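To keep things clear, I will list the structure first and then write my remarks on it.
Just so you know, all these numbers are worked out from the coordinates, no wet-lab data involved. Just so it is clear, the structure is predicted and the values come from calculations on it, not from any experiment. Here the Cβ positions follow ideal geometry from the backbone for every residue, glycine too, while neighbour counts run over all protein chains shown.
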Amino acid sequence: MGKRLNQQRRGKGTLIWRSPSFKYKPAQGMGKTEDKTGVVMSLERDAIRSAPLAFIEFTNGEKLWVPASKDMYVGQKILAGGKAPLSEGNWVELGRLREGQKVFCLELRPGDGGRVVRTAGNAATVLSREGDNIKVKMPSGKVKVLDARCRAIIGTVAGMGTKEKPILRAGSQFHIKKAKHAYWPRVSASAMNAFEHPFGGGRKHGHASKPQTSSRRAPRGRKVGYIAARRTGKRR
């Protein structure tokens, strides 16, 4: 009798496959859209994030975790709103920024708290203004047109160079993946035994032992590979 596939066991959602979210710090945004003043109380790392997080307490009672900016320090004063100066670490609307300004923790809609550009070393660039809209170049190179009322944090996310350090050892990769509760290492289906996967077994591993297409109506455990594929292989 064969075993259930890894994706079947993971999909059931038992504790062994579930991410321990209680260990992670909350992914908060910039909070209420109002003028406020805060102080950086601490800078901490989080197991599932590449960038360090800053814990900021504001005078209006808000306490927020946000990605730290480059050169941020404990005790730094953070200003948010229409009266905040255009200095690194402050929270302002895109409409107030000059062309070429670097920003991160960018709102896609006014008041959503900051959805994109939050990973280590990243920053978006303000390109130009078109009426009530601002053109912003994302780290990917894509240009987005956003409402001028969308907020962002001035500067670059701290932790630049995190991905440049080579991992070198499998043990290092193991601890990185374990902290995020990621599925690793991933064993190729054709490298498994016959009772572990439909593509497993055979004298010469390295290729599937049967056709890799499966029916849309195949039972669980058999629906693997190219599901209801119209065609496979290279397009010529």
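Mind checking the angle between helix 170-180 and the chain's longest principal axis? C-alpha axes, 0 to 90 degrees, to the nearest 10. Tilt of helix 170-180: around 70 degrees. The packing ranking of peptides 202-213, 95-106, 54-65, 156-167, highest mean first, is 95-106, 54-65, 156-167, 202-213, where packing means the average number of other beta carbon atoms within 10 angstrom of each residue. From the coordinates of this entry, mean projected area of the Cα convex hull in nm² is computed, and it appears in [x] 19.0; [y] 13.7; [z] 12.4 under the label [x]. The Stokes-Einstein estimate for the stretch 21-154, based on a Kirkwood radius over Cα pairs and taken at 4 °C with 1.567 mPa s viscosity, is a diffusion coefficient of 87 µm²/s.
Listed by chain and number, the lysines placed with their C-alpha closer than 17 angstrom to that of residue 77 are 36, 63; residues fewer than eight positions away on the same chain are left out. Take the alpha carbon atoms of the stretch 87-125, find their center, do the same for the stretch 144-183, and report the distance between the two centers in whole angstrom. Measuring centre to centre over Cα atoms gives 17 Å.
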